Amino acid sequence: MVRYFNPQPATRNPQPVFDVIVIGAGASGMMAAGRAAEIGARVLLLEKMPRVGLKLGITGKGRCNLTNQGDINAFLESYSPDGRFLRNCLARFFNQDLMIFFEQRGVPLVVERGGRVFPKSNQAGDIVSALLEFVKDNKVSLIKGQSVKEIVVHSGRVEGVETQNGTFKARAVILATGGASYPKTGSTGEGYQMAQLAGHTIIPIRPFLIPLKIKEPWVKELQGLSLKNISATIFVNGRKDRSEFGEMLFTHFGVSGPIILTLSGRVADVLKQGRVEISLNLKPALTQEQLDERLKRELKTHHLKGLQGILKLLLPNRMIPVFLTLSQIPGYKKGNQISAEERFRIKNLLTDLRITVTGTRPLEEAIITAGGVLLKEVNPKTMESRIVDGLFLCGEVLNIQGKTGGYNLQAAFSTGWVAGEGAARRVLSYE
Ligand SMILES: Cc1cc2nc3c(=O)[nH]c(=O)nc-3n(C[C@H](O)[C@H](O)[C@H](O)COP(=O)(O)OP(=O)(O)OC[C@H]3O[C@@H](n4cnc5c(N)ncnc54)[C@H](O)[C@@H]3O)c2cc1C
């Protein structure tokens, strides 16, 4: 049973009832609270929503891609602005530790394409339940529906938190309020203001892993179509920038899917610099010459077939009308009537299908919020603030963001684990 703490704030009681208060019962907060309690601290976990782990419950399209099987270097390269900040946290509690953690709590896991790890049940809810068990088993006091307004700091030391009902005192506070996207899950970005009020620098927040809005109206005609094994390259004012290889998706407003989401942080950053286009190469495995040979071969073999039919050999059916419009070649034109110049146009569209980015979808729709607490102001060994004594930070409130593939949740769990240990050791060392 969870020891539900009688929600009476300690306004009239100057003695801290708790050693550690954790703000936010999401991925990082539950891990931090459970870990701090496991090593002996009296922990209070405050969650403003009526349920814990709401965002965690919708991760990975409800399946929760909780981590990745990659090695430490693959992880460190997957974060911006500086994965090295996480080296210590990952070394302390890494993917294998996390997998053992869940499997020991009765959640079997599977590894899928790209090393992505999911619960075998395909239920993100199982991950939430296991974390809640961890919290309960270690006798953490949990209060739901309790929104923290402010971190109480005196003379550079944390003293507790202020909620809508009054003050809760503790010697250490862990800020685990997450980012500012999907606000209905409770992650509304209040943690950034709380950290700022406590004296921290906040790198401006912006969407990361966010679908992109596209100018070309034909994109809308392809909504729902996903393309696999393609490459997408950003062009800024005509200059080649970053590329990604993999899967993408057309939507009613533009494009999404893994490679687009991965590129989106960069796109958001360069949009201010001018015209941003994405070049889609639908045949990245072939060189220009190989593709031209392939086209010649298909046109020759099917010389009496209309182009519309020949394109079926090269493209998903739904793309053919768009291709015919863009190439300005009638679909009935036979293979043996296609000129070299027309073949060149087809080849160009297959390898450099350009779309123009008009913007990102709003922050609320981002998978991740970029920006947050300046990493320099946090000790990477303990996750303790270098500005406020006794304040610890973990998860998405920090200015660190990972690509898709389980990297963000692993960062939340690892920083949560280390913050829980750091806070518990800090308060227990006073006794
Ligand atoms: C749709 C979607 C899918 C995703 N899929 C994946 C995936 O498959 N793999 C992956 O690695 N990452 C995924 N992510 C990212 C991942 O969910 C986050 O990185 C992770 O949840 C961050 O953990 P956190 O503990 O920092 O914040 P959160 O999990 O957001 O938890 C923060 C908690 O703090 C609470 N809170 C906020 N303010 C207050 C306050 N003032 N007082 C009290 N409580 C407060 C919130 O209600 C919330 O419960 C996904 C994100 C989204 C939006």
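Rule-based calculations on the coordinates, nothing more; no lab input. Remember, predicted model here, so these are calculated numbers, not experimental data. Neighbour counts are summed over all protein chains in view; Cβ atoms, including those assigned to glycine, are modelled from backbone coordinates with ideal geometry.
Computed packing ranks the peptides 334-341, 404-411 as 404-411, 334-341, most packed first, by mean other Cβ atoms within 10 Å. Extension gain, His303-Ser147: 0.36 nm per intervening residue step, less the Cα-Cα distance, totals 49.2 nm.
Computed over neighbours whose Cβ is under 14 Å from that of Gly246, the net charge equals +2, Lys and Arg +1, Asp and Glu -1.
A cut-off under 11 angstrom between Cβ atoms defines the neighbours of Ile230, and their net charge, with Lys, Arg +1 and Asp, Glu -1, is 0. Computed from Cα atoms alone, the Kirkwood hydrodynamic radius reported for region 229-273 is 10.9 Å. Spin-label pair Leu76-Ile203: with each label point 7 Å from Cα along the Cα-Cβ axis, the two points sit 1.7 nm from one another.
Between beta-carbons, use under 13 Å as the cut-off and find the net charge around Gly145, counting Lys and Arg +1, Asp and Glu -1. Neighbour charge sum, excluding Gly145 itself: +2.
With the Cα gyration tensor of region 47-137 in hand, give its eigenvalues times 5 under a square root as the equivalent ellipsoid semi-axes, listed largest first in whole angstrom.
23, 16, 14
The dipole here belongs to region 266-306: it is taken about the Cα centre, uses +1 on the Cβ of Lys and Arg and -1 on the Cβ of Asp and Glu, and is about 120 debye. If R0 is 56 Å, what FRET efficiency do you get for Asn348 and Lys381 from their C-beta distance, rounded to 0.05? Using R0 = 56 Å, I get an efficiency of 0.60. Rounded to the nearest 20, the size of the Cβ-charge dipole of the chain about its Cα centre is 1040 debye, with Lys and Arg at +1 and Asp and Glu at -1. Shape class for region 277-431: prolate, because the ratio a/c of the largest to smallest gyration tensor axis (alpha-carbon atoms, square roots of eigenvalues) is 1.5 or more and a/b beats b/c. Separation of region 270-345 and region 197-218, taken as the distance between their Cα centroids, equals 35 angstrom.
Of the complete DSSP H runs in the chain, those spanning 15 angstrom or more by Cα along the long axis with a mean Kyte-Doolittle score not below 0.5 are 124-137, 258-270.
Can you put Met99, Met319 in order of Cβ neighbours within 10 angstrom, beginning with the fewest?
Working: Met99 18, Met319 22.
With the fewest neighbours first, Met99, Met319 line up as Met99, Met319.
Taking the Cα centre of region 66-130 as the origin, how large is its charge dipole in debye, to the nearest 20, when only Lys and Arg (+1) and Asp and Glu (-1) carry charge on their Cβ atoms?
Numbers: 7 positive and 7 negative charges, 8 e Å.
Taking the Cα centre of region 66-130 as origin, the dipole is about 40 debye.
Rg/Rh, computed from the Cα trace of the chain with Rh as the Kirkwood radius, has the value 1.09.
Out of all DSSP beta bridges with both ends in region 270-427, state the antiparallel percent to the nearest 5. If you can, show how the numbers build up before the last one.
Working: 7 of 8 bridges.
If we restrict to bridges inside region 270-427, about 90 percent are antiparallel.
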